Amino acid sequence: MQKSIFTAALEDFLTKKFLTLTFAPFFLTLLLFSWLFWGAGGELLDILSQLAQDPNAIQDPAIANFVQEHPWIATIASSAIFKILFGTILALLGTLLAILLSTATATIIMGFFTPTVVREIHRRHYSHIPIEGGIGALEYLWLALKIILKSIGLFLLAIILYFIPLLNALAINIPFYYLFHSFLSLDVGGEIYRAKELETILKRYRTKVMGTTAILYLITLIPFAGMILQVYFVSVMAHLFFRIKADQ
């Protein structure tokens, strides 16, 4: 019995190559942003220490005058308790910002790995199925523009539902699900099919494709899941499209 696309994709996702594609961009960008925030935080603490010792130590007349007019700032800045509290808050906020920025950046970077993931899925499981090409850059941009315009239209149409309790929770997700479904289908399917062929597949297998992307979209609603499971989502859709192609 053939494994479900979700199980097969999970087994692929847990391999060394796919885990590296998932987490390497995150940790590399996390190190970068952490270094930037810690560097900036250290400089800020140095400035506060200099102000506490001598307001004129900072070569900025406006800052020096402000500190001289408010001497209590120097008193607070020179206290050990302030340095500990300020350093702790700075570390927490810096770490949080570094994590959020690195996660967002890694998510964008992982989007460029879609061809690599699709090719690897093809090599592992579907090498007997020929890939006859894909969607060109100009075709992709045109289709992406149409998706964005349609999602804006959906957002505007659903505005009236945003003010109705219970329905608003569903309505707010409609344009976002459409974006998720359309771009995931385009990114993955565009590596396997030509534009016209992909359009036909999405119409003929609408229920199957939308059912799969709906499950994946629900997973994205779990905090951080959507940020670290991009490779898994691509794997699921690659398995789906290759199996559809095999059945044709």
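Quick note: the coordinates plus some simple rules give every number you see, no bench work behind them. Values in this document were obtained by computation on a predicted structure and should not be read as measured data. Backbone-built Cβ (ideal geometry, glycine too); neighbour counts: all protein chains shown.
Details
- Put simply, the convex hull of the Cα atoms in the range 114-248 casts, on average, a shadow of 8.7 nm².
- Couplings 3J(HN,Hα) of the range 184-200, computed from phi: 5, 5, 5, 5, 7, x, x, 8, 10, 10, 7, 4, 5, 5, 5, 4, 5 Hz, in residue order, whole Hz [Karplus 6.51 cos²θ - 1.76 cosθ + 1.60, θ = phi - 60°; x for Gly and Pro].
- Within the straight-line cut-off of under 25 Å between alpha carbons, the lysines reachable from Lys3 are Lys16, Lys17, Lys203, Lys208, Lys245, sequence neighbours fewer than 8 places apart in one chain being disregarded.
- Least to most buried among Val209, Val188 (fewest other Cβ within 10 Å first): Val209, Val188
- Which of Val188, Leu221, Leu198, positive extreme of dipole for the range 182-248 (C-beta unit charges): Leu198
- The distance between label points at Asp247 and Leu156 comes to 3.7 nm (points 7 Å beyond Cα on the Cα→Cβ vector).
- Only the Cβ atoms of Lys and Arg (+1) and of Asp and Glu (-1) were treated as charged; on that basis the dipole of the range 114-248 about its Cα centre amounts to roughly 240 debye.
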